[in-house]
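What follows is a single structure, and I will ask about it in a moment.
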Amino acid sequence: MNIEKFKMLDQILEIDTERGIILSQTCISESSPVLDAHFPGHPIVPGVLLIEVMAQSAGHLAMAISGFSEMAILTKVVNCKFLRPVLPGDQLNCQVKITASCGSMTTNKIEIRRDGSLISSAELQMKVIDFPTQASKELLIRDHQAMSIHPCCEVVV
C-alpha cells in the first residue's frame with residue numbers, strides 16, 4: 001500500500017471475470033505519515049482508507065470484465081462495518097463478488113480479512129464509465145498488470 005500515492009492495493013491474487021470475483025492483497029505500511037495523527041501513539045488505519053481498498057479492488061474487477069475498455073467509479077457505500085482495528089504492518093485480503101449488474105452499474109459484496117478473520121465488510125455500488133483520457137487508461141492498465149500475479153488477459157494499449 002502506498003497511501004501517499006493513493007495506491008491501496010499491492011497484489012491481485014486471483015481474478016475470475018466470468019464469476020465476477022477478485023481477491024486482492026495489501027500490506028499496511030508501518031511508516032506512513034498519514035497514520036501519525038490517527039491516532040498519536042496508537043496508529044489505526046482510517047475506515048475511509050479501507051473503503052478505498054474495497055473500491056479499488058472492485059474497480060480492477062470491473063476493468064478486467066470490460067476488457068479494459070472502461071473504468072469504474074464508486075457511487076454508493078451500503079452496510080459498511082468495521083469490526084476490528086487495522087494497524088500498521090497488517091496484511092489484508094480483500095474479496096469482491098459482483099452480486100448484481102444492471103446496465104453500467106454493479107453491486108458488489110466485499111469483505112476484508114486479516115489472517116482469515118473478518119475485519120470489514122460492505123456493499124459497494126460501482127458505475128463503469130469511459131476512461132477520461134488515454135493517459136489515464138494506460139496508467140490504470142499498467143498498475144493492474146504490475147499487481148497481477150496471474151494476469152487475466154493480455155491488454156494492448
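All of the numbers you see were taken from the coordinates with simple rules; none came from a lab. Keep in mind the model is a prediction, meaning the values are calculated, not measured. Because the Cβ atoms are built from the backbone with ideal geometry, glycine has one as well, and the counts that use them run over all protein chains shown.
Within the chain, what is the longest stretch that has no GluC sites (Glu not before Pro) placed in a DSSP loop and near at most 12 other beta-carbon atoms within 10 Å?
31-153
Now for a different question. Between Val34 and Asn2, what is 0.36 nm times their sequence separation minus the Cα-Cα distance? Round to one decimal in nm.
Numbers: separation 32, 0.36 × 32 = 11.52 nm, distance 1.05 nm.
Result: 10.5 nm gained on full extension.
Roughly speaking, what is the stretch gain from Arg19 to Ser104, that is 0.36 nm per residue apart minus the C-alpha to C-alpha distance, in nm to one decimal? Walk me through the numbers on the way to the answer.
Numbers: separation 85, 0.36 × 85 = 30.60 nm, distance 1.74 nm.
So the chain would gain 28.9 nm between Arg19 and Ser104.
At 7 Å along the Cα-to-beta-carbon direction for both Ser69 and Arg84, put a label point, then send me their distance in nm to one decimal.
4.2
Quick check for me: using +1 on Lys/Arg Cβ and -1 on Asp/Glu Cβ, what's the dipole size of region 40-133 about its Cα centre, in debye to the nearest 20? If you can, show how the numbers build up before the last one.
Values: 8 positive and 7 negative charges, 53 e Å.
The dipole of region 40-133 has a size of about 260 debye.
Another question about this same structure. Compare Gly59, Gly67, Gly116 in a GNM of the chain, Cα atoms joined below 10 Å, and give the one with the largest fluctuation.
Greatest mean-square fluctuation among the candidates belongs to Gly116.
Could I ask something else about it? So how tilted is helix 134-147 from the main axis of the chain? Cα-based, degrees 0 to 90, rounded to 10.
Helix 134-147 and the main axis of the chain meet at about 60 degrees.
Taking the Cα centre of the chain as origin, sum charge times position over the Cβ atoms of Lys and Arg (+1) and Asp and Glu (-1), and report the length of that vector in debye to the nearest 20.
Result for the chain is approximately 380 debye, rounded to the nearest 20.
Still on this structure, please answer the following. Mind giving me the nanometre distance, one decimal, between the label points for Val77 and Lys127, set 7 Å out from Cα along Cα→Cβ?
Here the modelled spin labels are 1.8 nm apart.
Here's something else I'd like to know. Could you identify which residue out of Ala37, Ala64, Ala100 has the top mean-square fluctuation in a GNM of the chain using Cα springs shorter than 10 Å?
Maximum among the listed residues: Ala37.
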